[in-house]
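Notes to accompany the following structure.
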Amino acid sequence: MEVKKMYIDGKWTEGSMKKPFDVINPATGKVFAQVYESSVEDVRKAVAAAKKSFYGTREWRDMDSQTRGDILLKIADLLEKNADEIAMLDTLDNGKPFREAQGDISDGIHCFRYYAGAIKMPYGGVYDVNAGFGKMHSYMVHEPVGVVAQITPWNYPFLMSVWKLAPALAAGNSVVFKPSPKAPLSTIRLFEIFEQAGLPAGCANLVQGDAEAGTEMGENKDVDMIAFTGSTRVGKLLMRAAAANVKKIGLELGGKSPNIIFADADLDGAVEWAMIGIFFNQGEVCSAGSRIIIEKKIKDTFIAKLKARAEAMTIGNPVDNPDLGPLVTEKDMNKVLGYIQSGKDEGATLVTGGERYTDNGCENGYFVRPTIFDDCTSAMKIVREEIFGPVVTVQSFETEEEAISLANDTEYGLAGGVFTSDVTRAHRVISELRAGITWINCYNPTFNEAPWGGYKMSGIGRELGIHGLEEYQEVKQININLNPGVAGWYEH
(Lines give C-alpha, C1' and ligand atoms only; values in the text may rest on other atoms or scores of the structure.)
Protein backbone atom coordinates (compact mmCIF):
# COMPACT_ATOMS: atom_id res chain seq x y z
CA MET A 1 0.00 0.00 0.00
CA GLU A 2 1.45 3.35 -1.08
CA VAL A 3 1.83 5.78 1.81
CA LYS A 4 0.75 9.32 0.85
CA LYS A 5 3.28 12.08 1.53
CA MET A 6 3.17 15.68 2.71
CA TYR A 7 4.10 18.55 0.36
CA ILE A 8 6.63 21.12 1.57
CA ASP A 9 8.47 23.76 -0.50
CA GLY A 10 7.44 22.20 -3.79
CA LYS A 11 8.53 18.65 -2.87
CA TRP A 12 6.70 15.52 -1.70
CA THR A 13 8.27 14.21 1.49
CA GLU A 14 7.80 11.47 4.05
CA GLY A 15 8.58 13.92 6.84
CA SER A 16 11.04 13.64 9.70
CA MET A 17 9.24 10.83 11.57
CA LYS A 18 8.43 8.65 8.52
CA LYS A 19 5.43 7.53 10.58
CA PRO A 20 2.21 6.64 8.71
CA PHE A 21 -1.31 6.71 10.09
CA ASP A 22 -4.26 4.68 8.83
CA VAL A 23 -7.18 6.03 6.83
CA ILE A 24 -10.38 4.03 7.46
CA ASN A 25 -13.28 3.45 5.09
CA PRO A 26 -16.25 4.17 7.40
CA ALA A 27 -18.59 1.96 5.40
CA THR A 28 -16.48 -1.14 6.04
CA GLY A 29 -14.33 -0.27 9.06
CA LYS A 30 -11.24 -1.31 7.09
CA VAL A 31 -7.94 0.48 6.39
CA PHE A 32 -7.73 1.47 2.74
CA ALA A 33 -4.92 4.05 2.74
CA GLN A 34 -2.03 5.40 4.80
CA VAL A 35 -0.61 8.91 5.13
CA TYR A 36 2.66 10.13 6.64
CA GLU A 37 2.16 12.15 9.81
CA SER A 38 3.87 15.52 10.20
CA SER A 39 6.01 16.30 13.23
CA VAL A 40 6.35 19.75 14.76
CA GLU A 41 9.66 19.96 12.90
CA ASP A 42 7.84 19.30 9.61
CA VAL A 43 5.30 22.04 10.36
CA ARG A 44 8.13 24.46 11.09
CA LYS A 45 9.77 23.56 7.77
CA ALA A 46 6.49 24.19 5.99
CA VAL A 47 6.11 27.58 7.72
CA ALA A 48 9.69 28.45 6.80
CA ALA A 49 9.00 27.53 3.18
CA ALA A 50 5.88 29.71 3.13
CA LYS A 51 7.78 32.57 4.75
CA LYS A 52 10.56 32.32 2.17
CA SER A 53 7.96 32.20 -0.60
CA PHE A 54 6.14 35.30 0.62
CA TYR A 55 8.94 37.50 1.97
CA GLY A 56 11.89 36.14 -0.01
CA THR A 57 11.30 34.87 -3.55
CA ARG A 58 7.90 36.66 -3.69
CA GLU A 59 7.00 34.94 -6.98
CA TRP A 60 3.34 34.28 -6.13
CA ARG A 61 2.84 37.44 -4.08
CA ASP A 62 4.20 39.73 -6.82
CA MET A 63 2.49 37.92 -9.70
CA ASP A 64 -0.07 40.13 -11.48
CA SER A 65 -3.69 39.23 -10.85
CA GLN A 66 -4.29 38.17 -14.46
CA THR A 67 -1.52 35.54 -14.35
CA ARG A 68 -2.44 34.41 -10.84
CA GLY A 69 -6.06 34.11 -11.92
CA ASP A 70 -5.07 32.08 -14.97
CA ILE A 71 -3.34 29.54 -12.71
CA LEU A 72 -6.45 29.31 -10.53
CA LEU A 73 -8.49 28.68 -13.68
CA LYS A 74 -6.04 25.96 -14.72
CA ILE A 75 -6.51 24.34 -11.29
CA ALA A 76 -10.29 24.43 -11.87
CA ASP A 77 -9.91 22.84 -15.30
CA LEU A 78 -7.72 20.04 -13.93
CA LEU A 79 -10.20 19.43 -11.11
CA GLU A 80 -12.99 19.17 -13.66
CA LYS A 81 -11.07 16.53 -15.61
CA ASN A 82 -10.54 14.50 -12.42
CA ALA A 83 -13.85 15.28 -10.70
CA ASP A 84 -15.25 11.76 -10.34
CA GLU A 85 -11.94 10.39 -9.07
CA ILE A 86 -11.77 13.09 -6.38
CA ALA A 87 -15.44 12.60 -5.48
CA MET A 88 -14.83 8.88 -4.96
CA LEU A 89 -11.93 9.68 -2.61
CA ASP A 90 -14.33 11.69 -0.42
CA THR A 91 -16.92 8.91 -0.57
CA LEU A 92 -14.43 6.23 0.52
CA ASP A 93 -12.69 8.49 3.03
CA ASN A 94 -15.61 10.37 4.60
CA GLY A 95 -18.64 8.15 3.92
CA LYS A 96 -20.79 10.67 2.05
CA PRO A 97 -22.92 9.29 -0.81
CA PHE A 98 -21.14 9.58 -4.15
CA ARG A 99 -23.65 12.00 -5.70
CA GLU A 100 -23.21 14.36 -2.72
CA ALA A 101 -19.43 14.17 -3.13
CA GLN A 102 -19.83 14.99 -6.82
CA GLY A 103 -21.76 18.11 -5.82
CA ASP A 104 -18.92 19.13 -3.49
CA ILE A 105 -16.35 18.83 -6.28
CA SER A 106 -18.53 20.87 -8.63
CA ASP A 107 -18.90 23.61 -5.99
CA GLY A 108 -15.15 23.60 -5.39
CA ILE A 109 -14.40 24.02 -9.09
CA HIS A 110 -16.75 26.99 -9.22
CA CYS A 111 -15.06 28.45 -6.13
CA PHE A 112 -11.65 28.54 -7.85
CA ARG A 113 -13.21 30.15 -10.92
CA TYR A 114 -15.06 32.68 -8.79
CA TYR A 115 -11.89 33.87 -7.04
CA ALA A 116 -9.92 33.84 -10.30
CA GLY A 117 -12.39 36.47 -11.48
CA ALA A 118 -12.78 38.31 -8.18
CA ILE A 119 -9.12 39.36 -8.02
CA LYS A 120 -9.47 41.10 -11.40
CA MET A 121 -12.30 43.33 -10.18
CA PRO A 122 -11.71 46.95 -9.07
CA TYR A 123 -10.95 47.30 -5.36
CA GLY A 124 -9.71 49.89 -2.88
CA GLY A 125 -10.95 53.45 -2.56
CA VAL A 126 -10.04 57.15 -2.79
CA TYR A 127 -11.03 59.59 -0.04
CA ASP A 128 -11.83 63.30 0.03
CA VAL A 129 -9.90 64.23 3.16
CA ASN A 130 -9.78 67.18 5.58
CA ALA A 131 -8.81 70.32 3.65
CA GLY A 132 -7.08 71.69 6.75
CA PHE A 133 -3.99 69.76 5.73
CA GLY A 134 -3.88 71.37 2.32
CA LYS A 135 -4.15 69.36 -0.88
CA MET A 136 -3.81 65.66 -0.04
CA HIS A 137 -4.47 62.49 -2.00
CA SER A 138 -5.66 59.66 0.28
CA TYR A 139 -6.46 56.17 -0.86
CA MET A 140 -6.72 52.57 0.34
CA VAL A 141 -5.44 49.28 -1.06
CA HIS A 142 -5.75 45.61 -0.15
CA GLU A 143 -2.60 43.54 0.37
CA PRO A 144 -2.13 39.84 1.22
CA VAL A 145 -1.79 39.00 4.92
CA GLY A 146 1.40 36.96 4.48
CA VAL A 147 1.94 33.44 5.80
CA VAL A 148 -1.46 31.83 6.39
CA ALA A 149 -2.00 28.58 8.31
CA GLN A 150 -5.26 26.76 7.56
CA ILE A 151 -6.93 23.78 9.24
CA THR A 152 -10.07 22.07 7.92
CA PRO A 153 -12.50 19.40 9.21
CA TRP A 154 -13.45 16.01 7.82
CA ASN A 155 -17.16 16.51 7.04
CA TYR A 156 -16.55 18.22 3.67
CA PRO A 157 -12.93 17.23 3.07
CA PHE A 158 -12.49 18.63 -0.44
CA LEU A 159 -14.90 21.55 -0.30
CA MET A 160 -13.65 22.95 3.01
CA SER A 161 -10.10 22.81 1.63
CA VAL A 162 -11.14 24.83 -1.41
CA TRP A 163 -13.15 27.37 0.62
CA LYS A 164 -9.93 28.28 2.41
CA LEU A 165 -7.24 27.73 -0.21
CA ALA A 166 -8.91 29.44 -3.17
CA PRO A 167 -9.34 32.91 -1.59
CA ALA A 168 -6.06 32.75 0.36
CA LEU A 169 -4.08 31.94 -2.77
CA ALA A 170 -6.09 34.35 -4.91
CA ALA A 171 -5.12 37.16 -2.52
CA GLY A 172 -1.42 36.34 -2.98
CA ASN A 173 -0.67 34.70 0.35
CA SER A 174 1.59 31.73 1.01
CA VAL A 175 -0.15 28.89 2.82
CA VAL A 176 0.53 26.03 5.24
CA PHE A 177 -2.46 23.71 5.13
CA LYS A 178 -3.57 20.83 7.35
CA PRO A 179 -6.64 18.70 6.61
CA SER A 180 -8.30 16.46 9.17
CA PRO A 181 -6.47 13.13 9.54
CA LYS A 182 -9.89 11.45 9.40
CA ALA A 183 -10.31 12.31 5.71
CA PRO A 184 -7.15 13.71 4.07
CA LEU A 185 -7.07 12.02 0.66
CA SER A 186 -8.96 14.46 -1.57
CA THR A 187 -6.83 17.33 -0.22
CA ILE A 188 -3.66 15.42 -1.08
CA ARG A 189 -5.04 14.98 -4.61
CA LEU A 190 -5.77 18.72 -4.73
CA PHE A 191 -2.13 19.49 -3.92
CA GLU A 192 -1.03 17.15 -6.69
CA ILE A 193 -3.13 19.30 -9.02
CA PHE A 194 -1.55 22.45 -7.57
CA GLU A 195 1.83 21.06 -8.56
CA GLN A 196 0.57 20.13 -12.02
CA ALA A 197 -0.92 23.60 -12.52
CA GLY A 198 2.42 25.26 -11.77
CA LEU A 199 2.02 26.88 -8.35
CA PRO A 200 5.44 28.22 -7.32
CA ALA A 201 7.35 26.22 -4.70
CA GLY A 202 6.55 27.21 -1.13
CA CYS A 203 3.35 29.15 -1.75
CA ALA A 204 1.18 26.10 -0.89
CA ASN A 205 2.44 23.57 1.66
CA LEU A 206 0.61 20.50 2.96
CA VAL A 207 1.16 18.96 6.39
CA GLN A 208 -0.71 16.10 8.06
CA GLY A 209 -1.58 15.18 11.61
CA ASP A 210 -3.73 16.14 14.54
CA ALA A 211 -3.52 18.36 17.63
CA GLU A 212 0.25 18.70 17.89
CA ALA A 213 0.65 19.91 14.31
CA GLY A 214 -2.34 22.24 14.66
CA THR A 215 -1.02 23.75 17.88
CA GLU A 216 2.31 24.53 16.24
CA MET A 217 0.48 26.24 13.38
CA GLY A 218 -1.39 28.40 15.89
CA GLU A 219 1.64 29.28 18.03
CA ASN A 220 4.30 29.73 15.35
CA LYS A 221 5.31 33.39 15.31
CA ASP A 222 6.15 33.31 11.60
CA VAL A 223 2.48 32.63 10.83
CA ASP A 224 0.60 35.88 10.16
CA MET A 225 -2.92 34.40 10.17
CA ILE A 226 -4.64 31.18 11.15
CA ALA A 227 -7.97 30.06 9.70
CA PHE A 228 -9.82 27.11 11.19
CA THR A 229 -13.11 25.30 10.62
CA GLY A 230 -14.14 22.81 13.29
CA SER A 231 -15.33 22.55 16.85
CA THR A 232 -15.75 25.53 19.16
CA ARG A 233 -13.55 23.77 21.73
CA VAL A 234 -10.58 23.64 19.35
CA GLY A 235 -11.33 27.14 18.08
CA LYS A 236 -10.90 28.49 21.61
CA LEU A 237 -7.54 26.71 21.92
CA LEU A 238 -6.35 28.21 18.64
CA MET A 239 -7.42 31.69 19.77
CA ARG A 240 -5.18 31.29 22.80
CA ALA A 241 -2.34 29.98 20.65
CA ALA A 242 -2.73 32.85 18.17
CA ALA A 243 -2.10 35.32 20.98
CA ALA A 244 1.61 34.41 20.77
CA ASN A 245 2.05 37.09 18.09
CA VAL A 246 -1.51 38.49 17.95
CA LYS A 247 -1.96 36.90 14.55
CA LYS A 248 -5.08 37.49 12.51
CA ILE A 249 -7.64 34.72 13.00
CA GLY A 250 -10.68 33.36 11.18
CA LEU A 251 -12.90 30.76 12.86
CA GLU A 252 -15.92 28.88 11.51
CA LEU A 253 -17.06 26.83 14.47
CA GLY A 254 -20.03 24.86 15.76
CA GLY A 255 -23.74 25.30 15.34
CA LYS A 256 -27.06 24.26 16.81
CA SER A 257 -29.31 25.88 14.28
CA PRO A 258 -33.07 26.43 14.55
CA ASN A 259 -35.57 25.66 11.80
CA ILE A 260 -38.82 27.53 12.59
CA ILE A 261 -42.00 26.27 10.94
CA PHE A 262 -45.25 28.25 11.16
CA ALA A 263 -48.71 26.75 10.65
CA ASP A 264 -49.26 28.63 7.38
CA ALA A 265 -46.19 27.09 5.73
CA ASP A 266 -46.33 24.65 2.82
CA LEU A 267 -46.17 21.62 5.11
CA ASP A 268 -44.96 19.04 2.59
CA GLY A 269 -42.30 21.44 1.34
CA ALA A 270 -41.20 22.19 4.91
CA VAL A 271 -40.85 18.46 5.59
CA GLU A 272 -38.62 17.97 2.54
CA TRP A 273 -36.40 20.92 3.42
CA ALA A 274 -36.24 19.80 7.07
CA MET A 275 -35.02 16.41 5.83
CA ILE A 276 -32.24 18.12 3.88
CA GLY A 277 -31.51 20.40 6.81
CA ILE A 278 -30.74 17.56 9.22
CA PHE A 279 -30.04 14.35 7.27
CA PHE A 280 -27.94 15.66 4.38
CA ASN A 281 -24.33 14.47 4.75
CA GLN A 282 -25.52 12.25 7.66
CA GLY A 283 -26.14 15.36 9.73
CA GLU A 284 -22.40 16.00 9.86
CA VAL A 285 -22.92 19.64 8.92
CA CYS A 286 -22.08 22.64 11.09
CA SER A 287 -25.14 24.52 9.84
CA ALA A 288 -27.53 21.56 10.17
CA GLY A 289 -31.11 22.42 11.07
CA SER A 290 -30.88 20.24 14.15
CA ARG A 291 -33.59 22.04 16.17
CA ILE A 292 -37.05 22.04 14.61
CA ILE A 293 -39.23 24.67 16.29
CA ILE A 294 -42.79 24.21 15.07
CA GLU A 295 -46.14 25.86 15.71
CA LYS A 296 -48.07 23.67 18.15
CA LYS A 297 -51.25 23.31 16.08
CA ILE A 298 -49.43 21.48 13.24
CA LYS A 299 -46.76 19.65 15.25
CA ASP A 300 -48.35 16.19 15.24
CA THR A 301 -49.12 16.28 11.52
CA PHE A 302 -45.60 17.48 10.72
CA ILE A 303 -43.92 14.86 12.88
CA ALA A 304 -45.97 12.08 11.30
CA LYS A 305 -44.84 13.19 7.82
CA LEU A 306 -41.22 13.64 8.91
CA LYS A 307 -41.21 10.21 10.57
CA ALA A 308 -42.54 8.53 7.43
CA ARG A 309 -39.90 10.21 5.27
CA ALA A 310 -37.08 9.39 7.69
CA GLU A 311 -38.08 5.73 7.89
CA ALA A 312 -38.18 5.51 4.08
CA MET A 313 -34.57 6.66 3.72
CA THR A 314 -32.16 4.17 2.20
CA ILE A 315 -29.02 3.46 4.23
CA GLY A 316 -25.93 1.73 2.90
CA ASN A 317 -22.50 1.87 1.30
CA PRO A 318 -22.07 5.43 -0.01
CA VAL A 319 -20.60 4.09 -3.26
CA ASP A 320 -24.14 2.85 -4.07
CA ASN A 321 -25.69 6.31 -3.57
CA PRO A 322 -28.05 5.66 -0.65
CA ASP A 323 -29.85 8.51 1.10
CA LEU A 324 -27.66 8.08 4.19
CA GLY A 325 -24.08 6.86 4.47
CA PRO A 326 -21.96 6.06 7.54
CA LEU A 327 -20.56 8.49 10.08
CA VAL A 328 -16.89 9.19 9.62
CA THR A 329 -15.38 7.04 12.41
CA GLU A 330 -16.44 4.53 15.03
CA LYS A 331 -15.65 7.11 17.71
CA ASP A 332 -17.95 9.65 16.08
CA MET A 333 -20.70 7.05 15.75
CA ASN A 334 -20.45 6.16 19.42
CA LYS A 335 -20.55 9.85 20.35
CA VAL A 336 -23.81 10.27 18.43
CA LEU A 337 -25.26 7.12 20.02
CA GLY A 338 -24.29 8.57 23.40
CA TYR A 339 -26.29 11.73 22.68
CA ILE A 340 -29.26 9.58 21.67
CA GLN A 341 -29.09 7.76 25.00
CA SER A 342 -28.87 11.13 26.75
CA GLY A 343 -32.07 12.24 25.01
CA LYS A 344 -33.88 9.15 26.23
CA ASP A 345 -32.54 9.58 29.75
CA GLU A 346 -33.64 13.23 29.92
CA GLY A 347 -37.20 12.41 28.95
CA ALA A 348 -37.42 13.28 25.27
CA THR A 349 -39.79 11.09 23.23
CA LEU A 350 -37.99 8.97 20.62
CA VAL A 351 -40.14 9.12 17.49
CA THR A 352 -37.97 6.99 15.24
CA GLY A 353 -34.39 5.77 14.82
CA GLY A 354 -32.16 5.95 17.85
CA GLU A 355 -29.87 3.03 17.08
CA ARG A 356 -26.98 1.76 15.00
CA TYR A 357 -27.89 0.37 11.57
CA THR A 358 -26.35 -3.02 10.76
CA ASP A 359 -28.60 -4.45 8.02
CA ASN A 360 -27.84 -5.15 4.36
CA GLY A 361 -24.08 -5.59 4.67
CA CYS A 362 -23.60 -2.58 6.96
CA GLU A 363 -22.65 -4.55 10.07
CA ASN A 364 -19.01 -3.37 10.06
CA GLY A 365 -19.70 0.25 9.15
CA TYR A 366 -20.51 3.26 11.30
CA PHE A 367 -24.17 3.76 10.40
CA VAL A 368 -26.84 5.39 12.60
CA ARG A 369 -30.54 5.41 11.71
CA PRO A 370 -32.12 8.85 11.13
CA THR A 371 -33.40 9.88 14.55
CA ILE A 372 -36.21 12.22 15.63
CA PHE A 373 -36.90 13.33 19.22
CA ASP A 374 -40.16 15.03 20.26
CA ASP A 375 -41.18 16.72 23.54
CA CYS A 376 -37.78 18.36 23.91
CA THR A 377 -36.91 21.26 26.19
CA SER A 378 -34.14 23.83 25.92
CA ALA A 379 -32.45 22.40 29.02
CA MET A 380 -31.78 19.02 27.38
CA LYS A 381 -28.28 18.13 26.25
CA ILE A 382 -29.55 17.05 22.81
CA VAL A 383 -31.04 20.54 22.33
CA ARG A 384 -28.06 22.52 23.64
CA GLU A 385 -25.02 20.65 22.27
CA GLU A 386 -23.90 20.01 18.71
CA ILE A 387 -24.44 16.31 17.99
CA PHE A 388 -23.02 16.22 14.45
CA GLY A 389 -25.10 13.27 13.32
CA PRO A 390 -28.56 12.41 11.93
CA VAL A 391 -30.46 13.48 15.06
CA VAL A 392 -33.11 16.22 15.18
CA THR A 393 -35.05 17.61 18.15
CA VAL A 394 -38.57 19.05 18.04
CA GLN A 395 -39.94 21.88 20.22
CA SER A 396 -43.26 23.62 19.79
CA PHE A 397 -44.47 27.22 20.18
CA GLU A 398 -47.75 29.16 20.18
CA THR A 399 -46.60 32.73 19.44
CA GLU A 400 -44.06 34.33 17.15
CA GLU A 401 -42.24 35.81 20.14
CA GLU A 402 -41.94 32.37 21.71
CA ALA A 403 -40.53 30.93 18.48
CA ILE A 404 -37.87 33.63 18.30
CA SER A 405 -36.98 33.16 21.96
CA LEU A 406 -36.54 29.38 21.52
CA ALA A 407 -34.51 29.87 18.35
CA ASN A 408 -32.07 32.29 19.99
CA ASP A 409 -31.74 30.26 23.21
CA THR A 410 -28.34 28.86 22.24
CA GLU A 411 -24.69 29.80 22.58
CA TYR A 412 -24.30 29.30 18.82
CA GLY A 413 -25.38 31.52 15.95
CA LEU A 414 -24.38 29.94 12.66
CA ALA A 415 -27.61 29.37 10.72
CA GLY A 416 -31.39 29.29 10.87
CA GLY A 417 -34.49 28.83 8.74
CA VAL A 418 -38.06 30.15 8.70
CA PHE A 419 -41.02 28.57 6.91
CA THR A 420 -44.15 30.65 6.42
CA SER A 421 -46.40 31.95 3.61
CA ASP A 422 -46.53 35.38 5.27
CA VAL A 423 -43.69 37.35 3.63
CA THR A 424 -43.87 40.12 6.23
CA ARG A 425 -43.52 37.67 9.09
CA ALA A 426 -40.71 35.87 7.27
CA HIS A 427 -38.64 39.04 7.10
CA ARG A 428 -39.57 40.06 10.63
CA VAL A 429 -38.51 36.74 12.16
CA ILE A 430 -35.35 36.37 10.08
CA SER A 431 -34.25 39.83 11.24
CA GLU A 432 -34.57 38.68 14.85
CA LEU A 433 -32.50 35.50 14.47
CA ARG A 434 -28.98 35.88 15.85
CA ALA A 435 -27.36 33.89 13.08
CA GLY A 436 -25.09 34.60 10.13
CA ILE A 437 -26.65 32.33 7.49
CA THR A 438 -30.43 32.19 7.13
CA TRP A 439 -33.04 30.80 4.76
CA ILE A 440 -36.74 31.46 4.14
CA ASN A 441 -38.84 28.51 2.89
CA CYS A 442 -35.73 26.42 2.22
CA TYR A 443 -32.74 25.13 4.16
CA ASN A 444 -29.06 24.52 3.28
CA PRO A 445 -28.37 26.07 -0.17
CA THR A 446 -24.86 27.54 -0.20
CA PHE A 447 -23.34 29.91 -2.74
CA ASN A 448 -19.73 30.83 -3.43
CA GLU A 449 -20.84 34.42 -4.00
CA ALA A 450 -22.37 34.92 -0.53
CA PRO A 451 -20.59 35.25 2.86
CA TRP A 452 -20.58 32.23 5.17
CA GLY A 453 -20.07 32.48 8.94
CA GLY A 454 -21.77 32.91 12.27
CA TYR A 455 -22.52 34.97 15.35
CA LYS A 456 -21.65 34.25 18.98
CA MET A 457 -19.70 31.00 19.56
CA SER A 458 -20.10 29.97 15.94
CA GLY A 459 -17.02 31.90 14.95
CA ILE A 460 -15.20 35.00 13.80
CA GLY A 461 -15.08 36.33 10.25
CA ARG A 462 -16.61 35.12 6.99
CA GLU A 463 -15.74 32.72 4.21
CA LEU A 464 -16.82 32.87 0.54
CA GLY A 465 -17.80 35.88 -1.53
CA ILE A 466 -15.79 39.09 -1.54
CA HIS A 467 -15.87 38.97 2.28
CA GLY A 468 -14.00 35.67 2.10
CA LEU A 469 -11.29 37.23 -0.06
CA GLU A 470 -10.96 40.21 2.28
CA GLU A 471 -10.40 37.84 5.24
CA TYR A 472 -7.04 37.02 3.64
CA GLN A 473 -6.10 40.63 3.01
CA GLU A 474 -4.84 43.56 5.03
CA VAL A 475 -6.12 47.08 4.36
CA LYS A 476 -3.50 49.81 3.91
CA GLN A 477 -4.13 53.56 3.97
CA ILE A 478 -1.81 55.66 1.78
CA ASN A 479 -1.63 59.47 2.02
CA ILE A 480 0.23 61.65 -0.48
CA ASN A 481 1.06 65.30 0.18
CA LEU A 482 0.38 67.30 -2.99
CA ASN A 483 1.34 70.63 -1.42
CA PRO A 484 4.62 72.35 -2.28
CA GLY A 485 6.76 72.80 0.80
CA VAL A 486 5.53 72.32 4.38
CA ALA A 487 1.83 71.89 5.22
CA GLY A 488 0.17 75.19 6.19
CA TRP A 489 -0.71 74.20 9.75
CA TYR A 490 3.00 73.77 10.56
CA GLU A 491 3.69 77.39 9.58
CA HIS A 492 1.72 78.96 12.47
* On the full set of protein chains, 1.4 Å probe, figure out the accessible area of H137 and give it in Å² to the nearest 10. => 60
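Hey, could you grab the Kirkwood Rh for segment 356-448? Inverse mean 1/r over distinct alpha carbon pairs, Å, one decimal. Before the final figure, lay out each step's value.
Details: mean 1/r = 0.0647 Å⁻¹.
Value: 15.5 Å, from the Cα pair sum.
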* Nearest-10 value in Å² for the accessible area of T349, using the 1.4 Å probe -> 60
* Asked: Just from the alpha-carbon atoms, what are the Rg and Dmax of segment 121-197 in angstroms?
  -> 19.1, 61
* segment 102-186 - charge dipole about Cα centre, Lys and Arg +1 at Cβ, Asp and Glu -1, debye rounded to 20 -> 140
* Asked: Mind checking the angle between helix 98-118 and the chain's longest principal axis? C-alpha axes, 0 to 90 degrees, to the nearest 10.
  -> 20
* Of (1) 182; (2) 370; (3) 167, which one was derived for volume of the Cα convex hull per residue in Å³ from the structure shown? -> (3)
* To do: Might you report the magnitude of the Cβ-based charge dipole of segment 16-112 about its Cα centre, with Lys and Arg at +1 and Asp and Glu at -1, to the nearest 20 debye?
  => 520
* To do: Summarise the accessible area of the chain (1.4 Å probe, protein heavy atoms) by the percent that is carbon and sulfur.
  => 51
* Asked: Averaged per residue, what accessible area in Å² does the chain show with a 1.4 Å probe, protein chains only?
  -> 41
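DSSP loop (so not H, G, I, E, B), at most 15 other Cβ within 10 Å: list which trypsin sites (Lys or Arg not before Pro) in segment 2-105 pass both filters. Display every interim value, and only then the final one.
Numbers: sites: K4, K5, K11, K18, K30, R44, K45, K51, K52, R58, R61, R68, K74, K81, R99; in loops: K5, K18, R58, R61.
Those that pass, being in a loop and sparsely packed, are K18, R58.
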* Asked: Stretch Y455-S421 to full length: gain in nm at 0.36 nm per residue minus the Cα-Cα span?
  -> 9.6 nm
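If you keep only loop residues by DSSP, which trypsin sites (Lys or Arg not before Pro) in segment 177-236 have at most 16 other Cβ atoms within 10 Å of their Cβ? Walk me through the numbers on the way to the answer.
Values: sites: K182, R189, K221, R233, K236; in loops: K182, K221.
Counting only loop positions with at most 16 other Cβ atoms within 10 Å, the trypsin sites (Lys or Arg not before Pro) in segment 177-236 are K221.
The values are calculated or read from the model by the stated rules, or taken from the named source; none is laboratory data. Just so we're clear, the structure is a prediction, and the values are computed from it rather than from any experiment. Every residue, glycine among them, receives a Cβ derived from its backbone with ideal geometry; neighbour counts consider all protein chains shown. To get the accessible areas, we keep the full protein, side chains included, count just its heavy atoms, and leave off ligands, DNA and RNA. Shrake-Rupley method; radii C 1.70, N 1.55, O 1.52, S 1.80 Å.
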